[in-house]
Each structure stands twice: as C-alpha cells, then as structure tokens.
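Undergrad: First the structure, then my questions, so here it is.
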Amino acid sequence: TYQWGCYQNSISGADGQGIGTGYQNTLDIVSGCSETPIAASEALAYESEGYSDWYLPSFDELNEMYNTIGSGGPEGNIGGFINNWYWSSSESNYNDAWPVNFSNGTTYSSSKTNAFRVRVIRAF
C-alpha cells in the first residue's frame with residue numbers, strides 16, 4: 001500500500017479520468033511530486049516479465065478493471081484483486097484523489113494521505 005502523495009499540493013495535468021489518460025497522469029504526478037515512495041513512483045518503477053512500461057491507471061481505467069476483471073466483472077474476480085481500495089492516478093483536488101473499492105465498486109474522493117493498494121497496468 002502507498003499514499004497517493006503530495007497532500008495539499010495540486011499536481012498540474014494529473015486530473016485526467018478517461019481511458020488512455022493514466023500514463024500521462026502518472027508521469028505528471030512523478031514530475032510534480034518529489035515525495036517517494038508514492039503510488040505513481042512505484043508504478044513507474046515496477047518491472048515484470050521483461051516489461052518496464054507500467055503505470056497507475058486513471059479513474060476510468062481502474063473502474064473498467066473492476067467491471068471486467070474485478071468483482072464487478074461477468075466472470076467474477078479473475079484479476080485476483082483484494083477486497084480493498086486501490087488508487088487511480090486521477091487527482092480530485094489538492095487534498096484528494098480518486099480510489100476504487102474492489103469489494104463493491106464504490107468510489108469517492110479520498111485524502112491523498114490514505115495508504116491504498118496499487119494495481120499497475122501497461123498499454124498494449
């Protein structure tokens with residue numbers, strides 16, 4: 001689990017919520033926030049099976065994960081998510097960002113100081 005980071009600081013460009021905005025959000029967070037380790041810095045540093053192009057999903061990307069491979073998906077939780085909160089890369093305001101609860105799909109703007117789980121993704 002990691003904090004989103006940079007509580008009480010607005011991160012320029014990290015407010016994209018749509019599908020396809022997660023990578024740029026992640027780059028903007030790391031560029032605008034010197035705190036480490038945080039969710040975005042850990043996502044960018046992640047390497048697995050020869051791939052190093054991972055990032056923190058945007059709010060809509062994370063919701064899509066819940067609705068397809070999480071508990072909200074037609075086949076159930078095939079993504080192996082823990083029933084807990086996961087951070088998106090989408091900032092709400094200078095204090096908050098958008099997580100998704102993978103036990104039931106609820107969302108709300110939450111304090112960047114909360115330590116939530118991270119599930120990285122990559123474009124393909």
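Undergrad: Give me the extension gain from S34 to N9: residue separation times 0.36 nm, minus the current Cα-Cα distance, reported in nm with one decimal. Intermediate values should be presented prior to the final figure.
TA: Numbers: separation 25, 0.36 × 25 = 9.00 nm, distance 1.12 nm.
The S34-N9 span can extend by a further 7.9 nm.
Undergrad: Report the local net charge at Y46: Lys and Arg +1, Asp and Glu -1, summed over other residues whose C-beta lies under 14 Å from its C-beta.
TA: Around Y46, the surrounding residues sum to -1.
Undergrad: Further question on the same structure: Once you list every other residue whose beta carbon is under 12 Å from the beta carbon of Y55, what net charge do they have if Lys and Arg are +1 and Asp and Glu are -1?
TA: -2
Undergrad: Express the relative contact order of the chain as a whole percentage, based on alpha carbon pairs under 8 Å and six or more residues apart in sequence.
TA: Relative contact order, the chain: 31 percent.
Undergrad: Take the chain, connect every pair of alpha-carbon atoms lying under 10 Å apart with a spring to form a Gaussian network, then pick out the residue of S92, S110, S34 with the largest mean-square fluctuation.
TA: Looking only at S92, S110, S34, the biggest GNM fluctuation is shown by S34.
Undergrad: Rounding to the nearest 20 debye, state how big the charge dipole of the chain is about its Cα centre with +1 on each Lys and Arg Cβ and -1 on each Asp and Glu Cβ.
TA: For the chain, the charge dipole is close to 240 debye.
Undergrad: Still on this structure, please answer the following. Could you work out what % of the accessible surface of the chain is carbon and sulfur, using a 1.4 angstrom probe and leaving DNA, RNA and ligands out of the count?
TA: Details: 2780 of 6200 Å².
Reported share for carbon and sulfur atoms: 45 percent.
Undergrad: Note the full-extension length gain between N93 and Y108 as 0.36 nm times their separation in residues minus their Cα-Cα distance, in nm to one decimal.
TA: The N93-Y108 span can extend by a further 4.2 nm.
Undergrad: Let me ask something else about it. Just the accessible area per residue of the chain, please: how many Å² with a 1.4 Å probe?
TA: Working: 6200 Å² over 124 residues.
Result: 50 Å² of accessible area for each residue.
Undergrad: Mind ranking S88, S12 by accessible surface for me, highest first, 1.4 Å probe? Please report the intermediate quantities before stating the final value.
TA: On the way: S88 0, S12 105 Å².
The most accessible residue leads, giving S12, S88.
Undergrad: May I ask for the net charge around G5, where only other residues with Cβ less than 13 Å from the Cβ of G5 are counted and Lys, Arg are +1 while Asp, Glu are -1? Intermediate values should be presented prior to the final figure.
TA: On the way: positive: K112; negative: D28, E35, E42, E91, D96.
In short, -4.
Undergrad: Among D15, D53, D96, which one shows the biggest mean-square fluctuation in a GNM of the chain, springs joining Cα atoms closer than 10 Å?
TA: Most flexible of the set in this elastic network: D53.
Undergrad: Here's another thing I want to ask about it. Figure the gain on full extension for R122 and A45 (residue separation times 0.36 nm, minus the Cα-Cα span) and round it to one decimal in nm.
TA: 26.5 nm
Undergrad: Continuing with the same structure: With semi-axes √(5λ) of the Cα gyration tensor in Å defined as stated, name the option among (i) 21, 16, 12; (ii) 34, 16, 9; (iii) 24, 16, 12 computed from the structure displayed.
TA: (i)
The values are calculated or read from the model by the stated rules, or taken from the named source; none is laboratory data. What you are looking at is a predicted structure, and each value in this text was computed from that prediction instead of being measured. Here Cβ is always computed from backbone atoms with ideal geometry, including for glycine, and neighbour counts include all displayed protein chains. Note: areas computed on protein heavy atoms with side chains; ligands, DNA, RNA excluded. Shrake-Rupley method; radii C 1.70, N 1.55, O 1.52, S 1.80 Å.
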